[in-house]
Amino acid sequence: EQQPVRTYGRSDGLPGNVVMGPYVDTRHFLWISTRDGLSRFDGVRFTNYDMTDGLPTAMINGILETRAGVYWIETNSGACRLNPRGRRATSPAGERTPVATLSSESEPLFVQYRVGSSSLTNRVNILIEDRLGVVWAGTDGGLFRLEASDRGEEFRAVQLPLVPTDHSAGAVHTAVEDADGNLWFAADWGLTRLLPDGRPVMYRLATRGESGAVTSVMADEATR
């Protein structure tokens, strides 16, 4: 039996028609990442978020909800954390205004986190939380881990073998954790398994005439 299918686009309230991916959170909201901003769908209407809310760019790649209920946004200009104390920027007339116009007592809805120091490292392709609650970021400029610092929290680079130091082929595209606590990263240089003790195992999948880049990885039922 063919189920009814409805197509949603800009005319229905989405910020844009180029959709990077959907994500369903624990509250059953559907989050949609687009090239024109982030959208949350409650089953009836879309609520859209953009740079006026504190996002560094409208190029959204995905979203992660941690087990602690923290929302992280993957963008092409770094990572963002949804601020539960933040609010949307509005004028007295109720119109949206840039975050820069918020009063000193107000906080933006999204807090920006730089990932590394280059434009490549701030193109965040994937954020993943492991079983210990550590957040990892796969970027066009390598792999990073969120760690405590004197300034609160910051992303720090994780050096892996076989990764060019100039980041010419250092993109991490996606990641998954298996049932044994291994983290698997699909990257330009191939496939990497990071063991629970931190040791990396590299898998080169290149054949003659191919680059060996891996763009996707998943865990099957036997390894979840």
Cα-based Rg of the stretch 2-46 normalised by 2.2 N^0.38 Å, two decimals: 1.14
Roughly how much of residue 20 is accessible, in Å² to the nearest 10, using a 1.4 Å probe? 90 Å²
The stretch 1-93: C-alpha gyration tensor shape, a/c 1.5 cut-off, then a/b vs b/c: prolate
Roughly how much of residue 87 is accessible, in Å² to the nearest 10, using a 1.4 Å probe? 100 Å²
How do 44, 172 rank by accessible surface area computed with a 1.4 Å probe, from largest to smallest? 44, 172
Simple spin-label model, 7 Å along Cα-to-Cβ: residue 193 to residue 157 in nm? 2.7 nm
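Just order 179-189, 21-31 by mean Cβ neighbour count inside 10 Å, highest at the front, would you?
Descending packing order for the listed peptides: 179-189, 21-31.
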Can you give me the % of accessible surface on the stretch 13-67 that is carbon or sulfur? Probe 1.4 Å, all protein chains present, nothing else counted. 55 percent
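The values are calculated or read from the model by the stated rules, or taken from the named source; none is laboratory data. This structure is a prediction, so every number in the text was calculated from the model and none was measured. Cβ: placed from backbone, ideal geometry, glycine included. Neighbour counts: every protein chain shown. Accessible surface areas use protein heavy atoms only, side chains included; no ligands, DNA or RNA. Shrake-Rupley method; radii C 1.70, N 1.55, O 1.52, S 1.80 Å.
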